[in-house]
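Below is one structure, written out as structure tokens; the observations come after it.
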């Protein structure tokens, strides 16, 4: 079902016209600049007394604590922000990272299976066309592991999350390096979420099943009020699944490209047999010194084990007969943190103090076991591969808030220190046992090898929200002074390249931002923002080194420059109170020294003969991205509501005077839904449509895939037969549409037969019709 840009644009305009035509039937609620946020205990007490019956929360603007480091709604923030709430996650039964962002236009989670990454790993979260390590991914404000080549950043369990906050555009001023394209903060549950209304014990238990990968997810949470001032919570989630079923993937003459594998191998339209298991434990202990002062201790452990029988390679490849090839990936993330949130009740210069210290070791380890017969010699070999990648963070964050009046203006200051010390370790060892001759060979520093490194970040930041004209005009300047040191630690496994020896890199940088919101009326407002971003190269980008001659060589580039961006954003909004809202904006982002991988280098510079394939990381001169975004929701009547969001992006890379299409920019996408709620009988149903325009151009159409447009519809339903029990069901891709997601644009095509067998395009097909069922019980 091809979808054109014209059709999408017309649909989008009609929807926005409907929203803006709505009458402002209730008063807009604004925040008090002298009380910018609450501790959970204060919010709990206020929430008990609030009457929320008149508002459908799906039509209220999203709330975030990440955009300005304090609680605000979208309409109070001079940036485009969105939030996936706990209610959203429960209704949709979203249990993996790819599902969380599927209804967020302009945000994607690339997931492509290849011969070197058979685990169907989620590569990272892309916002406004840039992703990987350019998106700052946080858990309760704590950093998560950097992505390396053919690896993953999927290291968070959604069942123990109460909100996923998405900040589009640079966030370096408040969140530091890596917040170049955007920020995603996974905010985890607290005991207070279950102890509302003075309860001393509360919790929930849930179960869900998804047919795509036959995944079972069980979760249980218990919260306890140990004493009037002490609360505790313990949550556990378990998930088991297998490889996804690609019912719409094709083989033979019907496939996009012919792919022929050996008879004993997995066909080109099926994933290899896979078994996946994950566990997540979250514990919290909260001590309320007072209603406005709390201390919190958090402990978390996440692990996921994925085992793959890579049968796609079984049989003869011309040089050997492969009889067995098994892989295992183990992902782990530990976190121990202590934080305090103190809202001072004095009338002094300091209104609030927040601090957090944390320790978080994270790792992604891979194991491989291959058994083959070498055709030329007849020798039988078994090779065991071990690859260990670990990053350990020690972080400290200290934040102050102060407010004061100066003449006719009101100022709210947010300022503090944000720093961390991280160690990065990469090890690879391949042991080959020749079962015929009895010899053993050990090779180290394989894979995408790079030097270990210690990284230090120590930043100071300041933001001032200034209110003029009795609060109708709010201007928010901000600045951050970044200090960054990355110190390589070479060992005997690292392959030194003459002329490109690893060296300590130090950088200091100032980033600025300036945002403004002007209330034209009580309903309509305009906003604008200029924001800068800054990002140092990673250890892999600086120090990658692999000698695979005579085939090729990966060489380091210690002269890589930091990436930076200047972003401009302008928007128009409407706030109809409990009836709904809308927001539409445009942005332009100008990146400088944009880092690209696998760039051809001059072999002579590295002492290699002409004609040798030498690849490295290098800076492109610039990347220019621009786009349009919109979102809105409207309460039609007491039972019906509707919502929609859209995104459109374009980009060009400039390097050495040559301009090429940037494949990372997402084509036009519209997500819209209509929801019916019948509270009297506990019934809830929503129809969601995703309309995606095709990729009109890529950098090289002859060798890169251009997915067509599509329309996909899902239906989500819930029923509460009794007050504490909820039954849920979802039918995804109702019409079983065959399509390729926008993340497949630029996927390599028209390669050799060997490449087609290793990375078949049909394995990138999106899932066909599937269903989910689940239940939850609150106590």
Quickly run through segment 234-269 and pick out the residues that are surrounded by fewer than 19 Cβ atoms within 10 Å (Cβ to Cβ), out of contact with any strand residue (DSSP E or B) (no Cβ under 6 Å at 6 or more places or on another chain) and in contact (Cβ under 8 Å) with a residue 24 or more places away in the chain.
-> 245, 247, 250, 251, 255, 256, 257, 258, 260, 263
Scan of segment 431-441 for residues that are more than 37 Å from the chain's Cα centre (by Cα) and on the phi < 0 side of the Ramachandran plot, ordered by number | 432, 433, 434, 435, 436, 437, 439, 440, 441
Taking the condition modelled with pLDDT of 95 or more, under 30 Å from residue 323 (Cα atoms) and either in contact with a strand residue (DSSP E or B) (Cβ under 8 Å, 6 or more places away or on another chain) or outside any strand (DSSP E or B) (or both), does residue 381 pass?
-> yes
If we ask which residues in segment 738-756 are in a loop (DSSP other than H, G, I, E, B) and touching a residue at least 12 places away in the same chain (Cβ under 8 Å), their number turns out to be 9
Checking residue 455 against (1) surrounded by fewer than 17 Cβ atoms within 10 Å (Cβ to Cβ); (2) touching a strand residue (DSSP E or B) at 6+ places or on another chain (Cβ under 9 Å); (3) touching a residue at least 24 places away in the same chain (Cβ under 8 Å), which test does it fail?
-> (1)
Check on residue 629, assigned to a strand (DSSP E or B) and within 28 Å of residue 477 (Cα to Cα) = yes
Just one listed residue, out of 593, 600, is under 23 Å from residue 562 (Cβ atoms), surrounded by fewer than 19 Cβ atoms within 10 Å (Cβ to Cβ) and at pLDDT 95 or above, and it is 593
Determine if segment 649-670 includes at least one residue that is surrounded by 20 or more Cβ atoms within 10 Å (Cβ to Cβ), over 23 Å from the mean Cα position of the chain (by Cα), modelled with pLDDT of 95 or more and under 19 Å from residue 629 (Cβ atoms).
-> no
Single unsatisfied condition, residue 247 versus (1) at pLDDT below 95; (2) over 29 Å from the mean Cα position of the chain (by Cα) = (2)
Having 3 or more residues that are at negative phi and under 28 Å from the mean Cα position of the chain (by Cα) is the bar; report the strands (runs of 3 or more DSSP E) wholly within segment 513-574 that clear it.
-> 524-535
How many residues, within segment 672-701, are out of contact with any helix residue (DSSP H, G or I) (no Cβ under 9 Å at 6 or more places or on another chain) and surrounded by fewer than 20 Cβ atoms within 10 Å (Cβ to Cβ)?
-> 16
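Looking only at residues in segment 548-560 that are without any contact (Cβ under 8 Å) to a residue 60 or more places away in the chain and surrounded by 15 or more Cβ atoms within 10 Å (Cβ to Cβ), which one is farthest from residue 128 (Cα to Cα)?
Residues of segment 548-560 without any contact (Cβ under 8 Å) to a residue 60 or more places away in the chain: 548, 558-560.
If we keep only those that are surrounded by 15 or more Cβ atoms within 10 Å (Cβ to Cβ) too, we end up with 558, 560.
Details: 558: 28, 560: 23 Å.
Here the answer is 558.
Go through segment 297-332 and count every residue that is part of a strand (DSSP E or B), under 27 Å from residue 96 (Cα atoms) and more than 23 Å from the chain's Cα centre (by Cα).
Residues in segment 297-332 being part of a strand (DSSP E or B), under 27 Å from residue 96 (Cα atoms) and more than 23 Å from the chain's Cα centre (by Cα): 8 in total.
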Qualifying residues in segment 637-648 (those that are surrounded by 17 or more Cβ atoms within 10 Å (Cβ to Cβ) and in contact with a helix residue (DSSP H, G or I) (Cβ under 9 Å, 6 or more places away or on another chain)) - the one farthest from residue 680 (Cα to Cα) | 648
For residue 771, work out the one condition from (1) in contact with a helix residue (DSSP H, G or I) (Cβ under 6 Å, 6 or more places away or on another chain); (2) modelled with pLDDT of 95 or more it doesn't fulfil.
-> (1)
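If you go through segment 702-728 one residue at a time, how many are surrounded by fewer than 19 Cβ atoms within 10 Å (Cβ to Cβ) and within 26 Å of residue 646 (Cα to Cα)?
Here is the first cut: in segment 702-728, the ones surrounded by fewer than 19 Cβ atoms within 10 Å (Cβ to Cβ) are 702-703, 706, 708, 711, 713, 715, 717, 719-725, 727.
Checking the rest, the ones that are also within 26 Å of residue 646 (Cα to Cα) come to 706, 708, 711, 713, 715, 717.
Selection size over segment 702-728: 6.
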Can you spot a residue in segment 734-751 that is more than 30 Å from residue 639 (Cβ to Cβ), at pLDDT below 95, surrounded by fewer than 16 Cβ atoms within 10 Å (Cβ to Cβ) and out of contact with any helix residue (DSSP H, G or I) (no Cβ under 8 Å at 6 or more places or on another chain)?
-> yes
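A quick yes/no check of all residues on (1) modelled with pLDDT of 90 or more; (2) assigned to a loop (DSSP other than H, G, I, E, B):
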site	(1), (2)
120	no, yes
138	yes, no
145	yes, yes
149	no, yes
153	no, yes
164	yes, no
Segments classed as strands (runs of 3 or more DSSP E), wholly inside segment 414-500, with at least 1 members that are touching a helix residue (DSSP H, G or I) at 6+ places or on another chain (Cβ under 7 Å) = 452-468, 473-489
Please determine, by comparing only the residues of segment 595-615 that are touching a residue at least 24 places away in the same chain (Cβ under 8 Å) and touching a helix residue (DSSP H, G or I) at 6+ places or on another chain (Cβ under 9 Å), which one is nearest to residue 636 (Cα to Cα).
-> 595
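Quick one: in segment 60-88, of everything that is part of a helix (DSSP H, G or I) and in contact with a strand residue (DSSP E or B) (Cβ under 7 Å, 6 or more places away or on another chain), which residue is farthest from residue 529 (Cα to Cα)? Give the derivation first.
First, the residues of segment 60-88 that are part of a helix (DSSP H, G or I): 74-76, 86-88.
Checking the rest, the ones that are also in contact with a strand residue (DSSP E or B) (Cβ under 7 Å, 6 or more places away or on another chain) come to 74-75, 86.
Details: 74: 14, 75: 13, 86: 29 Å.
My answer is 86.
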All but one of (1) over 25 Å from the mean Cα position of the chain (by Cα); (2) over 27 Å from residue 418 (Cβ atoms); (3) free of Cβ contacts under 8 Å to residues at least 60 places away in the same chain hold for residue 464, so report the exception by its number.
-> (2)
In this structure, is residue 294 surrounded by fewer than 16 Cβ atoms within 10 Å (Cβ to Cβ) and modelled with pLDDT of 95 or more?
-> no
Taking segment 74-92 and keeping residues modelled with pLDDT under 90 and under 21 Å from the mean Cα position of the chain (by Cα) leaves 74
Residue 157 is checked against (1) surrounded by fewer than 24 Cβ atoms within 10 Å (Cβ to Cβ); (2) in contact with a strand residue (DSSP E or B) (Cβ under 7 Å, 6 or more places away or on another chain) and fails just one. What number does that condition carry?
-> (1)
In this structure, is residue 335 in contact (Cβ under 8 Å) with a residue 12 or more places away in the chain and over 23 Å from the mean Cα position of the chain (by Cα)?
-> no
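Looking only at segment 405-425, filter to residues that are over 13 Å from residue 350 (Cβ atoms), touching a residue at least 40 places away in the same chain (Cβ under 8 Å) and under 30 Å from the mean Cα position of the chain (by Cα); which one of those is surrounded by the fewest Cβ atoms within 10 Å (Cβ to Cβ)? Give the derivation first.
Step one: of segment 405-425, the residues over 13 Å from residue 350 (Cβ atoms) are 405-411, 417-425.
Within this subset, residues satisfying the condition of being touching a residue at least 40 places away in the same chain (Cβ under 8 Å) are 408-411, 417-420, 422, 424.
When the remaining residues are screened for being under 30 Å from the mean Cα position of the chain (by Cα), the result is 417-420, 422, 424.
Numbers: 417: 14, 418: 23, 419: 16, 420: 19, 422: 21, 424: 24.
Across segment 405-425, the extreme among qualifying residues is 417.
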Which listed residue, of 192, 204, is crowded, with 18+ Cβ neighbours inside 10 Å and part of a strand (DSSP E or B) = 204
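The values are calculated or read from the model by the stated rules, or taken from the named source; none is laboratory data. Not measured: the values here are computed from a predicted model. Backbone-built Cβ (ideal geometry, glycine too); neighbour counts: all protein chains shown.
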